[in-house]
1. Examine region B:147-158 for a residue that is away from chain A (no Cβ under 11 Å), part of a helix (DSSP H, G or I) and crowded, with 19+ Cβ neighbours inside 10 Å, and state whether such a residue exists.
2. Select from region A:192-212 the residues that are more than 7 Å from chain B (Cβ to nearest Cβ) and either assigned to a helix (DSSP H, G or I) or among the charged types (D, E, K, R) (or both) and list them in ascending order.
3. How many residues does region B:239-265 contain that are facing chain A (nearest Cβ under 8 Å) and either free of Cβ contacts under 8 Å to residues at least 60 places away in the same chain or farther than 23 Å from residue A:211 by Cα (or both)?
4. Within region B:229-249, identify whether any single residue is β-branched (Val, Ile, Thr) and either surrounded by 21 or more Cβ atoms within 10 Å (Cβ to Cβ) or at pLDDT below 95 (or both), and answer yes or no.
5. Residue A:124 passes all but one of (1) within 18 Å of residue A:180 (Cα to Cα); (2) in contact with a strand residue (DSSP E or B) (Cβ under 6 Å, 6 or more places away or on another chain); which number fails?
6. Just to be sure, is residue A:206 at pLDDT below 95 and either in contact with an Asp or Glu (Cβ under 8 Å, 6 or more places away or on another chain) or not hydroxyl-bearing (Ser, Thr, Tyr) (or both)?
7. Can you confirm whether residue A:253 is outside any helix (DSSP H, G or I), over 16 Å from the mean Cα position of the chain (by Cα) and surrounded by fewer than 22 Cβ atoms within 10 Å (Cβ to Cβ)?
8. Has region A:213-220 got any residue that is among the hydrophobic types (A, V, I, L, M, F, W, C), farther than 27 Å from residue A:137 by Cβ, crowded, with 19+ Cβ neighbours inside 10 Å and within 7 Å of chain B (Cβ to nearest Cβ)?
Number of protein chains: 2
Amino acid sequence: MFKKIAIFGVGLIGGSFALALKQAGAVAQVVGAGRSLASLERALELGIIDVIATSPADAVAGADLVLIAAPVAQTGAILASIQPYLQVGTIVTDAGSTKGDVVASARLALGEKISQFVPGHPIAGRESNGPDAAITHLYVGKKVVLTPLSENAETDVKRVADAWEQCGALIHRLSAAQHDLVFASVSHLPHVLAYALVDDIANKPHADILFQYAASGFRDFTRIAGSSPEMWRDISLANQDALLQELDAYQLKLTQLRGLLASGDGAGLEAIYRNAQQARHHWNCAIEAAEKQNKEGGD
Amino acid sequence: MFKKIAIFGVGLIGGSFALALKQAGAVAQVVGAGRSLASLERALELGIIDVIATSPADAVAGADLVLIAAPVAQTGAILASIQPYLQVGTIVTDAGSTKGDVVASARLALGEKISQFVPGHPIAGRESNGPDAAITHLYVGKKVVLTPLSENAETDVKRVADAWEQCGALIHRLSAAQHDLVFASVSHLPHVLAYALVDDIANKPHADILFQYAASGFRDFTRIAGSSPEMWRDISLANQDALLQELDAYQLKLTQLRGLLASGDGAGLEAIYRNAQQARHHWNCAIEAAEKQNKEGGD
């Protein structure tokens, strides 16, 4: 049981965390903080938070746990604003999609209090956002990756893990560097590729005709290009090195494919398509089995 | 009303065409032909076809309409096999995903009977296939693109359009060259990109860890990489020129994006992401409005 949790950013991610913990009876009071007073007032109205913090000091005073659920580029500034008021025994965590940059800015902002910061990343994004998008069951069966620091006490890491588990999430642990490489590959690169395709098509003189014939395959492929441009600008820059590395590997693969296509090498093309199809089939079966198990476990 | 329709390839596409026309009471007899006797027997069992053709001559004798719904690479051979038996008044159409190559092979195979061939492409692919995948309502509200030849009589084109309209489809017309450029852009290129991404990831030494963290965005982005490798090998080769052109434009776009990322140009990245997000939003709203209208029209 947490007596007080402070949440910076009361939108989809922070709001759903609060709702889930309240539903589980795991928190007595949730205090909301953030840049937008309108969002905070809406979160209060929706019962996501119990009170709006009047200052960073007020937000964290007496809190067991602080969650930073704001865009990653703001994490450093938020941590700096609460650093002077962080009491012994208050644990801080975050929900940023990148971890290397968050850890670096946390070290700068928190100084000797860095041991109180346990970095995390819930894998539960959606296109919708804001307090109205928050839902109690967002994290049920979803992964939360924690990337603990060498300075963290294991009891603090466990306390953060417990909070997410109360929300129904499955806890994984990676180093910040591993995390950023993994997500550059399976999340950040696909976003860049989808944005690039839609931008490419939209800029052609006959874009209207092209869009007219785009069908369900195109819709699924480009769904992630519907995500927030600001958020993905920040993620791209925050994970610049790993993303450049993945982008270069992908360009090499495309160049290889182009060569096969230009030379009419059907067997070569088919081998790549088949390897991809089989790998995806294998992955999808595993994912569906895990989802089924989560659903049955949750009933 | 068609008294006899012959269908070469009784899977998802050909089978659904037959089921829809039967449902509409628009055909008296459907004859099935194809390479796989097992598929033909299954189609007979499912009531998709009424009889299995004993030969190409038998298939087309007395038919008003012949649909070729086999992989595009087989179209030429099938047309050549029926050419000697094609009677005056029999119209032939196809369901191939590429049109330039189909028209070229049709000219070779049909010779002076080319005027009887009206090329078409129903935009209604799915990942499933075979007679068991065929469904009556597959084409309801879907587009069918006809790419008529200068040799076609307008009454013949209209007769093919009528058949598809009886299935609930919406008829569009393009030239074969326009068709191939459009679909290289909004369908063939995305397939290549999705296959390339999954193959790239699957070949990495730490592929298992990467797939473990792939989530719903990845699933949607790569859904089309679950499609048939043989079919997409054939489509890639059949539409080689247009696909190479689209691939080159896309690689240029990626190179531009890489430059912005490498130089930390957040505003430049955001401008591309925003253009893509807005274009996709605009497109998606139009698609959803059209779907809603189709649904209401169908009730």
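1. In the first step, residues of region B:147-158 are kept if they are away from chain A (no Cβ under 11 Å); the result is B:147-158.
Among the residues that remain, those that are also part of a helix (DSSP H, G or I) are: B:154-158.
Those left that are additionally crowded, with 19+ Cβ neighbours inside 10 Å: B:156-157.
Yes, some residue in region B:147-158 is away from chain A (no Cβ under 11 Å), part of a helix (DSSP H, G or I) and crowded, with 19+ Cβ neighbours inside 10 Å.
2. Filtering region A:192-212 down to residues more than 7 Å from chain B (Cβ to nearest Cβ) leaves A:203-208, A:212.
Matches in region A:192-212: A:204, A:207, A:208, A:212.
3. Step one: of region B:239-265, the residues facing chain A (nearest Cβ under 8 Å) are B:240, B:243-244, B:247-251, B:253-255, B:257-258, B:261-262, B:264.
Remaining after also requiring either free of Cβ contacts under 8 Å to residues at least 60 places away in the same chain or farther than 23 Å from residue A:211 by Cα (or both): B:240, B:243-244, B:247-249, B:251, B:253-255, B:257-258, B:261-262, B:264.
The total comes to 15.
4. Initial filter on region B:229-249 (β-branched (Val, Ile, Thr)): B:235.
Next, from what is left, pick out any that are either surrounded by 21 or more Cβ atoms within 10 Å (Cβ to Cβ) or at pLDDT below 95 (or both): B:235.
The answer is yes, given that some residue of region B:229-249 is β-branched (Val, Ile, Thr) and either surrounded by 21 or more Cβ atoms within 10 Å (Cβ to Cβ) or at pLDDT below 95 (or both).
5. (2)
6. Details: at pLDDT below 95: yes; either in contact with an Asp or Glu (Cβ under 8 Å, 6 or more places away or on another chain) or not hydroxyl-bearing (Ser, Thr, Tyr) (or both): yes.
Yes: the conditions hold for residue A:206.
7. Details: outside any helix (DSSP H, G or I): no; over 16 Å from the mean Cα position of the chain (by Cα): yes; surrounded by fewer than 22 Cβ atoms within 10 Å (Cβ to Cβ): yes.
No, not satisfied.
8. Within region A:213-220, the first condition is being among the hydrophobic types (A, V, I, L, M, F, W, C), and the residues that meet it are A:214-215, A:218.
This time we only want the ones that are farther than 27 Å from residue A:137 by Cβ, so: A:214-215, A:218.
Narrowing the set further to residues that are crowded, with 19+ Cβ neighbours inside 10 Å leaves A:214, A:218.
Then drop every residue that is not within 7 Å of chain B (Cβ to nearest Cβ), which leaves A:214, A:218.
For region A:213-220, residues among the hydrophobic types (A, V, I, L, M, F, W, C), farther than 27 Å from residue A:137 by Cβ, crowded, with 19+ Cβ neighbours inside 10 Å and within 7 Å of chain B (Cβ to nearest Cβ): present.
The values are calculated or read from the model by the stated rules, or taken from the named source; none is laboratory data. If you're wondering where the values come from, they're calculated on a predicted model, not measured in any experiment. As a convention, Cβ positions derive from the backbone with ideal geometry for all residues, glycine included, and neighbour counts pool all protein chains shown.
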